[in-house]
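Here is the structure we will look at.
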Amino acid sequence: MAQVHIERVSKIYSGTQRAVNDISIDIPDGEFVVLVGPSGCGKSTLLRMVAGLESITEGKVSIGDRVVNGVDPAERDIAMVFQNYALYPHMKVYDNMAYGLRNRGMPKAEIDRRVREAAKTLELEHLLERRPRELSGGQRQRVAMGRAIVRSPKVFLFDEPLSNLDAKLRGQMRVEIRNLQKRFGVTSIYVTHDQVEAMTLADTLVVMNNGVAEQIGSPLDVYERPASAFVAGFIGAPAMNLIEAVVEGDGRALAVGASRLAPFSHSPALEPGRPVTLGIRPEHLRRAHANEKADMDLVVSAAEILGADTLAHGRIAPGGTGAAPLIVRLPGNVRLETGARLPLVLEPGAAHLFDGETGRRIDLAEAAVAPQQAAMARA
Amino acid sequence: MNKVRFGHSVIPYLFLLPQILIVAVFFYLPAGEAVRSSFYLEDPFGFGSTFVGLDNYRDVLSNAEYRRVAIFTVWFTVLVAFFALAIALVLAVKADAVLRGAKSYRTLLMWVYAIAPPVAGLLGIMLFDQHVGPIVKMASWFGWNLRVGVNYHDTAFAMIVTAVWLQIAVNFIFFLSGLQSIPRSVREAARIDCRSGFRRFWTVTFPLLTPTAFFLVVINITYALFDTFGLIDLMTKNEPGNNPVTLVYKVFLDGFRGNDLGGSSAQSVILMAVVFVLTIVQFRFIERRVHYS
Ligand SMILES: Nc1ncnc2c1ncn2[C@@H]1O[C@H](COP(=O)(O)OP(=O)(O)O)[C@@H](O)[C@H]1O
Ligand SMILES: [Mg+2]
């Protein structure tokens, strides 16, 4: 077991394009870190540099106290689980797990003990004599896990290990991977493009985009205080509404197309005319009560009935093609008609604001939350 | 899956007819004729033939010259197949290492396959040319006066080298595509599991290559036995008597040069039997140990 330090690491494949650009992550011993981001953002490349399967163009990777930049993958004391499992097709399940141990010259009895123990943990005992092609997808996945576990490595590396499984199995394996990791306490780096997987598995989430780490933090932190409009749009389902707006009037109101919103009444003023992106999660809007003053009106264009929830799709009133699109999560029992006008109330302090040009977070929420916290402290 | 049924229609047989005709005319008829004439003594001047039972077989098998040719054929086949496969495998492994990730080269390399056989054949012969052949010249540096077509062993050497040379390109392409079809992640898993590249090759890469290798062993034995006819003909043209030939070439020699149709037919029947046995052995014993993933 060991901590992993990734220090200002970059990967340049050819010319000047950086697949990974100046990323630093400190991973304490035993922590589960998830790299998440859209396809092509450089997650696998970063993971493979830690594994030693890809050379490190710039920066430093250390495992434990040892810098591993030039160290052979077989000597880094890591184990990796691949998306397509990468089992050896010509070896039985037993040999698939034992292969790495044999190459390290481990005594036969010890190998046997470890393989059987891992097989027991993963309920693979009755499959040890089979070849990979005689296994189901889920069983292959478990063998791949077993091959990693028997090594007792310092670090587990996972590259989208559940992507080839069906939804139900994926859910089960997710829980199982988490439990195994907790049980063995092995430092883990897990790559996925699936934000649900990322949120449920991670101690620490690294949201990547275009080779850059947009935000590093706990899942809740990332969800509640996204560092950029990209993170805000990527984490959470359905995605956060990101609405182009311009600061107006006294610096507390926002012009969104033809309508005007004032979601930040408590915040300090911004300079009028500044372009910003307003971020509102679908679950932070609700229907206004009969006599309540609405923050905005939604012109409904479609309703997506999910059972427990209903998602209302539409545009901010007055509607029309120029108006900003909006999705609202409503209780399942709400019935909506297309074209109807729905008055909405925004949960206090739940809106996010991002710079219109850089996409970075503008920290107003703090100001909005602070008086409440102060009030609570006084009580 | 549902089977397509034609009932008792003649249509399927019609579709098969061209194939059956070709096989019948060019294989079954001559084979039958060979079996028949192997029991007869043909008059060399064409005045009929006499039934002699197994005499032709007895003559062939007790003939010391025939045994000498048979032994040479075995050596020739084993050496040609072995070196053609081994050299091609080494080259393919090297090429594969360069090609990983660089897909554009792959199509380029297919040209080897398209161009090589005729050009390589010509080159191979030229390499051993008595006057301009570089191999002859190189041999002379070491005091070896290489006389292809005159000295038995020199000819054998030249035949084997040229036969190997001719077959390498084909083997190379098959090995290379076999190597490229091994999933990248499997190799990477092996890199994490095993430090030594040599060990990795024999425990992971090569076993995954066995379907290709098995197929190529069959192809190469067939090649060495039968497809080298033209090469042998070219190299021994003037003096087949003093030079090494293979069994297939001897069938031709005895039948068409020696006019011993009965003996030559008996030899081809023996060869047919050998091929038949080889095929069974290959499929029974080798295939069982092959991993088809
Ligand atoms: N071997 C390679 N050669 C050149 N470019 C590569 C190579 N591998 C990956 N890339 C590029 O690097 C970027 C990141 O790839 P990758 O790390 O696989 O993304 P992810 O795993 O996040 O989907 C992509 O733009 C991809 O095209
Ligand atoms: Mg990837």
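Since every read-out is calculated from the coordinates, none of them should be taken as a lab result. Quick caveat: nothing in here was measured; it's all calculated off a predicted structure. Using ideal geometry, Cβ is built from the backbone for each residue, glycine included, and neighbour counts are taken over all protein chains shown.
When you count, for each residue, the other Cβ atoms within 10 Å and take the mean per peptide, how do A:277-283, B:176-182, A:101-107 rank with the highest first?
Answer by packing, highest mean first, reads A:277-283, B:176-182, A:101-107.
Ordering A:215-228, B:58-71 by mean Cβ neighbour count within 10 Å, with the highest value first, yields A:215-228, B:58-71.
Sorting A:Arg140, B:Arg187, A:Arg341 by the number of Cβ atoms found within 10 Å of their own Cβ, with the fewest placed first, yields A:Arg341, B:Arg187, A:Arg140. For a modelled paramagnetic label at A:Ala340, 7 Å from Cα along Cα-to-Cβ, the residues of the stretch A:286-318 in reach, with backbone nitrogen under 14 Å, are A:287-290, A:298-305, A:310-314.
Taking 0.36 nm per residue of separation and subtracting the Cα-Cα distance, what length does fully extending B:Phe276 through B:Val35 add?
So the extension gain works out to 85.3 nm.
Geometric descriptor of the protein assembly as shown, per residue, is 293 Å³ (volume of the convex hull of the Cα atoms).
Dividing the mean sequence gap of close Cα pairs (under 8 Å, 6+ apart) by how many residues chain B holds gives a relative contact order of 28 percent.
Computed over the stretch A:251-339, the range of Cα coordinates on each principal axis works out to 43, 28, 23 Å, biggest value leading. Based on alpha-carbon atoms, the Kirkwood radius and the radius of gyration of the stretch B:118-202 give Rg/Rh equal to 1.24. Below 9 angstrom from the Cβ of A:Leu162, what's the summed charge of the other residues (Lys, Arg +1; Asp, Glu -1)? Once all neighbours under 9 Å are counted, the net charge is -1. Between B:Trp141 and A:Asn333, the modelled labels are 9.6 nm apart [label points 7 Å from Cα along Cα→Cβ].
The value of relative contact order for the stretch B:160-287, using C-alpha pairs under 8 Å at least six residues apart, is 19 percent. So if we plug the beta-carbon distance of B:Val25 and B:His131 into 1/(1 + (r/R0)^6) with R0 = 45 Å, what FRET efficiency do we get, rounded to 0.05? With R0 = 45 Å, the Cβ-Cβ based efficiency is 0.55.
Mean partner shielding of peptide A:96-105, defined as the number of other chain Cβ atoms within 10 Å of each residue Cβ, is 3. Taken about its Cα centre, the stretch A:71-216 carries a charge dipole of roughly 560 debye when the Cβ of each Lys and Arg holds +1 and the Cβ of each Asp and Glu holds -1.
Based only on Cα atoms, what mean projected area does the convex hull of the stretch A:4-233 have, in nm²?
With every direction weighted equally, the projected area is 12.7 nm².
Projecting the Cα atoms of B:Tyr28, B:Leu14, B:Gly53 onto the charge dipole of chain B, computed from C-beta unit charges around the Cα centre, puts B:Leu14 farthest toward the positive end. Rounded to 0.05, the FRET efficiency of the A:Ala294 and A:Ser136 pair, given R0 = 51 Å and the Cβ-Cβ distance, is 0.45.
Projecting the Cα atoms of B:Val78, B:Ile270, B:Ile125 onto the charge dipole of the stretch B:63-289, computed from C-beta unit charges around the Cα centre, puts B:Val78 farthest toward the positive end. In the stretch A:14-104, Rg over Rh equals 0.99, where Rg is the alpha-carbon radius of gyration and Rh the Kirkwood radius from pairwise Cα distances. What FRET efficiency do you get for A:Glu244 and A:Ser163 if R0 is 41 Å and r is their Cβ-Cβ distance, rounded to the nearest 0.05? Working from the Cβ atoms, E equals 0.75. Across chain A, Cα pairs under 8 Å and at least six residues apart give a relative contact order of 15 percent.
Grouping the Cα pair distances of the stretch B:63-289 into 10 Å bins from zero gives a pair-distance distribution of 7, 27, 30, 22, 11, 3, 0 percent in increasing distance order. Per-residue ellipticity at 222 nm computed for chain A from its helices equals -7500 deg cm²/dmol, with DSSP H segments shorter than 4 residues left out and the rest contributing -39,500 (n - 2.57).
Around B:Thr73, what is the net charge, scoring Lys/Arg as +1 and Asp/Glu as -1 over all other residues with Cβ under 12 Å from its Cβ?
Neighbour charge sum, excluding B:Thr73 itself: +3.
Computed about the Cα centre, the dipole magnitude for chain A is approximately 1140 debye when only Lys and Arg (+1) and Asp and Glu (-1) carry charge, each at its Cβ. Here the dipole of the protein assembly as shown is about 1060 debye; that uses its Cα centre as origin and unit charges on the Cβ of Lys and Arg (positive) and Asp and Glu (negative). When the Gaussian network model of chain A links Cα atoms closer than 10 Å, the mean-square fluctuations of A:Val300, A:Val334, A:Val150 top out at A:Val334.
Mean per-residue shielding of peptide A:80-91 is 6, counting Cβ atoms of other chains within 10 Å of each Cβ. For A:His284, what is the net charge nearby, where nearby means another residue's Cβ is under 9 Å from its Cβ and Lys, Arg count +1, Asp, Glu -1? Here the charged neighbours net out to +1.
How big is the antiparallel share of DSSP beta bridges in the protein assembly as shown, given as a percent to the nearest 5? Once the DSSP bridges in the protein assembly as shown are tallied, antiparallel ones form about 75 percent.
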